[in-house]
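Asker: Can you keep this structure in mind? I'll have questions shortly.
The values are calculated or read from the model by the stated rules, or taken from the named source; none is laboratory data. Predicted model only: the values in this text are computed from it and were never measured. Note that we place each Cβ from the backbone using ideal geometry, even for glycine, and neighbour counts take in every protein chain shown. What goes into the accessible areas is simple: the full protein's heavy atoms, side chains included, and nothing from ligands, DNA or RNA. Shrake-Rupley method; radii C 1.70, N 1.55, O 1.52, S 1.80 Å.
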Amino acid sequence: MKNYDPVKATYAVIIILVSLYALYITSAFFCVIILSALFAYVIHPVYFFCLRFIKSRQICALIPLGAILLLTVSSGVMIVKALMSEISKLLEIPNTINGFANMDLRRIVGILEPFIQTHPGKLTASIGAYLNSLVTDYVPEIQNNIFQISTDLSILIIELIVIIVLTYYLLVESEIIAAELPNLFPDRKVGVVFLGELNYIYQSLFIVYFLTCLMTGVIGGVLYWVLGVPYPLIWGIVTFIMALLPVVGAGTVYGLLALYYVLIEDFFTAGALIFLGITFLSIIPDFVMRPRLARNRAAIHPAITLIAFAAPVFVLGPIGIIIGPLTYGFLLAAFRTKTILGTPPVQTVNSTSNPIEGPVERTVEKSVESPVDRPVEASGDHIFSPEINPWHDRKKAV
């Protein structure tokens, strides 16, 4: 039995307490850190692709971030301009808000004079006094709402800046992080297998899912442009956003557009939206693009994907779309790691044995033994070995 060392015990208690306090003071930024890590993981393939042609990691990290920022700002400006244009057209229609605002209230009350006993002038005065008291009563609440909105907007801007900065540094240091992660596990073999399975699962849950939704939005924008729908680019962006929501889906967009064209009796466009939308925005993304993108053996059953994305939303709110897949993917990776490491070694057998055992043995041996036996080469910008590179393509196992 080892001797009790009070100095070491004191150090351990202090480190634990300081660590807990650090977690407490960082708790408000947990979502920001998670979003930054997820954002860096999703756009890392673009960073890694740029790294083949540009040797500067900083420039390669700025390219996808700058492109996304430019697309976001331009899309926001375009949407605001479209809304302002439509609102200005609405205000130009006679007998609408603009027309009623210019009408004399006294004249309106005078029309009802034969049916009321109060003089129109007194009625108008009482209505004005009531409106003034109503405004006076609600002014403090309106001011508080404006102050709250301004505060929330300031916090949101700060969080966005922090997400961009953290994402940049995570991209620049991604290779070093990936190389050191297996060393955090008590057993490096377990760490390599677990991180490999976690990467393949997260690829299917996030990268494949995101790319499928992005392609759905692009196809939707082209489809709306061909059919003559106004603002096709904006509707394509809305389709992409709705496709990210697992329960809502892209069908909400082209379904509502088809309903609009039914109301204005343009049945050809409505029918084309329904038929082409179901074909190109629902069937092809789910049954053609997604299976082709998810080519590794960690492809997840659609039911698990639906639960991972949809169920946490009802408990955690919108952030559940991110927290749910992260949690389910972690548990599934742990289960698959236990299954892989718990598989007994396959002995040499005759030709009558199960033909699947050979590929499985080779896959397990490659994922477990190779990363440990072979050191990681850190030459230039490519510090990853294939086994611990989270974005390395993996052949589909039988």
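Asker: Please work out which one of (1) without any contact (Cβ under 8 Å) to a residue 24 or more places away in the chain; (2) in a helix (DSSP H, G or I); (3) β-branched (Val, Ile, Thr) is the condition Ile237 fails and give its number.
Answerer: Among (1) without any contact (Cβ under 8 Å) to a residue 24 or more places away in the chain; (2) in a helix (DSSP H, G or I); (3) β-branched (Val, Ile, Thr), the lone unmet condition for Ile237 is (1).
Asker: I'm checking my understanding of the structure. Among residues of the stretch 164-216 that are among the small types (Gly, Ala, Ser) and more than 13 Å from Ala37 (Cβ to Cβ), which one is modelled with the lowest pLDDT?
Answerer: So, considering only residues that are among the small types (Gly, Ala, Ser) and more than 13 Å from Ala37 (Cβ to Cβ), the one modelled with the lowest pLDDT is Ser204.
Asker: Scan the stretch 22-51 and report the pairs whose first residue is touching a residue at least 40 places away in the same chain (Cβ under 8 Å) and in a helix (DSSP H, G or I) and whose second residue is open to solvent by less than 50 Å² (accessible area, probe 1.4 Å) and of a type in the set (S, T, N, Q), with Cβ atoms within less than 7 Å and a gap of 6+ or a chain change.
Answerer: Filtered contacts from the stretch 22-51: Ser36/Thr167; Phe39/Thr167; Ala40/Thr167; Ala40/Ser174; His44/Ser174.
Asker: Would you mind finding the one in Ile79, Ile59, Ile87 that is under 21 Å from the mean Cα position of the chain (by Cα) and closer than 30 Å to Gly236 by Cα?
Answerer: The match here is Ile79.
Asker: Let me ask something else. Just checking, which of Ala22, Ala82 is at pLDDT 85 or above, open to solvent by less than 60 Å² (accessible area, probe 1.4 Å) and more than 30 Å from Val208 (Cβ to Cβ)?
Answerer: Ala22
Conditions tested, residue by residue: (1) modelled with pLDDT of 85 or more; (2) acidic (Asp, Glu); (3) surrounded by fewer than 11 Cβ atoms within 10 Å (Cβ to Cβ).
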site	(1), (2), (3)
Leu62	yes, no, no
Ile68	yes, no, no
Val73	yes, no, yes
Asn98	no, no, no
Met103	no, no, yes
Gly110	no, no, no
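Asker: Filter the stretch 263-320 down to the residues that are surrounded by fewer than 12 Cβ atoms within 10 Å (Cβ to Cβ) and not in a helix (DSSP H, G or I), then identify the one that is modelled with the lowest pLDDT.
Answerer: So, considering only residues that are surrounded by fewer than 12 Cβ atoms within 10 Å (Cβ to Cβ) and not in a helix (DSSP H, G or I), the one modelled with the lowest pLDDT is His301.
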